[in-house]
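The values are calculated or read from the model by the stated rules, or taken from the named source; none is laboratory data. Note that the coordinates shown come from a computational prediction; the quantities given were computed from them, not determined experimentally. Methodologically, a virtual Cβ is constructed for each residue, glycine included, from the backbone with ideal geometry; neighbour enumeration extends over all protein chains shown.
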């Protein structure tokens, strides 16, 4: 096996992981835009609202549920929390870029890209859950729906702003893990 020098890695990355000057300017303009400010506030407000609900009234709501509904509540609240932490992370990276606390090169790293949420085999979509989970608290269902809409919107922004990066062409860590899982299932 041939070792790859750090210089070779830098060359390879610079050739495949770049944004055009126009794309960089568009990204920086976005971070300074009113759209970003509104999206940032919406995302952070939703994170705070969700945390307040899950730590307060949500605990009481979950205690009133039957066992299977309580399990659904627990799994969906974890999914909700994970989704919102990914959104918050993405928004904070964009703000760091805006405040010049992070370089464009750092912001382009794979670890900051959003990937489509993988649905486990047999997992229910939000609409399936909403149809069948009439016992779940309405507030939880509302937070789930709003977080899913926000996640999808931010994922589209991510693809639009960072779409020219090689990592967006099927080379994300999630894609590699999925390929490994598929290979071992055979």
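The conditions of being surrounded by 18 or more Cβ atoms within 10 Å (Cβ to Cβ) and either modelled with pLDDT of 95 or more or closer than 19 Å to residue 159 by Cα (or both) are not met by residue 22. Against the numbered list (1) under 17 Å from residue 23 (Cα atoms); (2) surrounded by fewer than 16 Cβ atoms within 10 Å (Cβ to Cβ); (3) modelled with pLDDT under 90, residue 125 comes up short only at (1). Considering the conditions (1) at pLDDT 95 or above; (2) surrounded by fewer than 18 Cβ atoms within 10 Å (Cβ to Cβ), residue 106 is excluded by exactly one of them, (1).
Tell me the residue from 114, 143, 150 that is in contact with a helix residue (DSSP H, G or I) (Cβ under 9 Å, 6 or more places away or on another chain), modelled with pLDDT under 95 and within 23 Å of residue 48 (Cβ to Cβ), please. Steps first, answer last, please.
Values: 143 fails: modelled with pLDDT under 95; 150 fails: modelled with pLDDT under 95.
Every option except 114 fails the conditions.
Considering the conditions (1) over 20 Å from residue 135 (Cα atoms); (2) in contact (Cβ under 8 Å) with a residue 24 or more places away in the chain, residue 73 is excluded by exactly one of them, (1).
Answer yes or no as to whether residue 173 is at pLDDT below 60, under 15 Å from the mean Cα position of the chain (by Cα) and surrounded by 12 or more Cβ atoms within 10 Å (Cβ to Cβ).
Numbers: at pLDDT below 60: yes; under 15 Å from the mean Cα position of the chain (by Cα): yes; surrounded by 12 or more Cβ atoms within 10 Å (Cβ to Cβ): yes.
The answer is yes for residue 173.
The single condition from (1) at pLDDT 95 or above; (2) surrounded by 11 or more Cβ atoms within 10 Å (Cβ to Cβ); (3) out of contact with any helix residue (DSSP H, G or I) (no Cβ under 7 Å at 6 or more places or on another chain) that residue 58 fails is (3).
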